[in-house]
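**Student:** Structure below; questions to follow.
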Amino acid sequence: MALLVAPGGTASGQTVGDVQIFALAAIARDVLAAGGVGVAVRPGGRLRFAVNGVVGSESGAAAGRVEAVAVFHLNPFRQTGWAAYGGGGAAVRFRQPGTSGFLLVMLGAESRPARRLGWFVEVGAGGGVRLATGLRVRTRRSDRSVRP
């Protein structure tokens with residue numbers, strides 16, 4: 001297990017972050033159709049930690065959703081093609097008449113995960129069937145460039 005999670009491919013002292021713009025549908029008794037943004041950090045290796053937020057409509061009423069997820073990438077160092085990942089976390093849905101929270105699990109694929117720009121698609125469960133697609137913009141930051 002330690003070998004799977006161990007950093008590799010990303011230079012020591014380097015952190016990858018990303019911002020995503022995406023569309024999300026959560027299909028349960030009602031359907032949430034929303035768009036939003038997310039921010040994430042990849043502290044090296046195969047892990048990615050993200051916070052996502054969307055706003056949209058559910059049954060004709062305004063609704064929103066916030067997610068906190070941890071993801072394990074199978075091949076985050078691919079320069080071309082698609083790479084799979086899986087993850088989980090927690091989500092909270094906001095709408096009238098109330099708020100609800102639930103656990104979230106997902107599978108996804110990301111194009112060119114080691115490049116600056118790439119598309120992604122996800123399917124999962126949590127508050128219904130969760131479908132998402134969008135665009136990620138990645139940045140690299142070297143810890144050595146930070147000065148005290």
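**Student:** Summing +1 for each Lys or Arg and -1 for each Asp or Glu, what net charge is found among the other residues whose Cβ lies under 10 Å from the Cβ of Y85?
**Tutor:** Working: positive: R46, R48; negative: E110, E122.
Around Y85, the surrounding residues sum to 0.
**Student:** Placing +1 on the Cβ of each Lys and Arg and -1 on the Cβ of each Asp and Glu in the chain, which of V54, Q20, T139 has its Cα farthest towards the positive end of the resulting dipole?
**Tutor:** T139
**Student:** Using Cα-Cα distances under 8 Å and only pairs 6 or more residues apart, what relative contact order does the chain have, in percent?
**Tutor:** Values: 401 pairs, mean separation 34.4, N = 148.
The value is 23 percent.
**Student:** At a Förster distance of 41 Å, what's the computed FRET efficiency of L107 paired with S59, Cβ-Cβ distance as r, to 0.05? List each step's numbers first, then the result.
**Tutor:** Details: r = 27 Å, r/R0 = 0.66.
Given R0 = 41 Å and the Cβ-Cβ separation, E is 0.90.
**Student:** State the percentage of accessible surface on the chain attributable to carbon and sulfur atoms; use a 1.4 Å probe and exclude ligands, DNA and RNA. Can you show the working numbers first?
**Tutor:** Numbers: 5310 of 7900 Å².
In the chain, the share of accessible area belonging to carbon and sulfur is 67 percent.
**Student:** On average over all directions, what projected area in square nanometres does the chain have, based on the convex hull of its Cα atoms? Could the numbers behind the result be given before it?
**Tutor:** Details: hull surface 38.5 nm².
Dividing the Cα hull surface by four gives the mean projection, 9.6 nm².
**Student:** Using +1 on the beta carbon of Lys and Arg, -1 on that of Asp and Glu, and nothing else charged, what's the dipole of the chain about the Cα centre, debye to 20?
**Tutor:** 560
**Student:** Separate question: Using the heavy atoms of the protein chains alone and a 1.4 angstrom probe, what is the accessible area of segment 14-77 per residue in square angstrom?
**Tutor:** Working: 2680 Å² over 64 residues.
Heavy-atom accessible area per residue stands at 42 Å².
**Student:** If eta is 1.002 mPa s and T is 20 °C, what Stokes-Einstein diffusion coefficient results for segment 17-101, Kirkwood Rh from Cα pairs, in µm²/s?
**Tutor:** Calculated translational D: 152 µm²/s.
The values are calculated or read from the model by the stated rules, or taken from the named source; none is laboratory data. What you see is a predicted model; the values in this text were computed from it and never measured. In this analysis, Cβ positions are derived from the backbone assuming ideal geometry, glycine residues included, and neighbour counts consider all displayed protein chains. Ligands, DNA and RNA are excluded from the accessible area calculation, which covers all protein heavy atoms including side chains. Shrake-Rupley method; radii C 1.70, N 1.55, O 1.52, S 1.80 Å.
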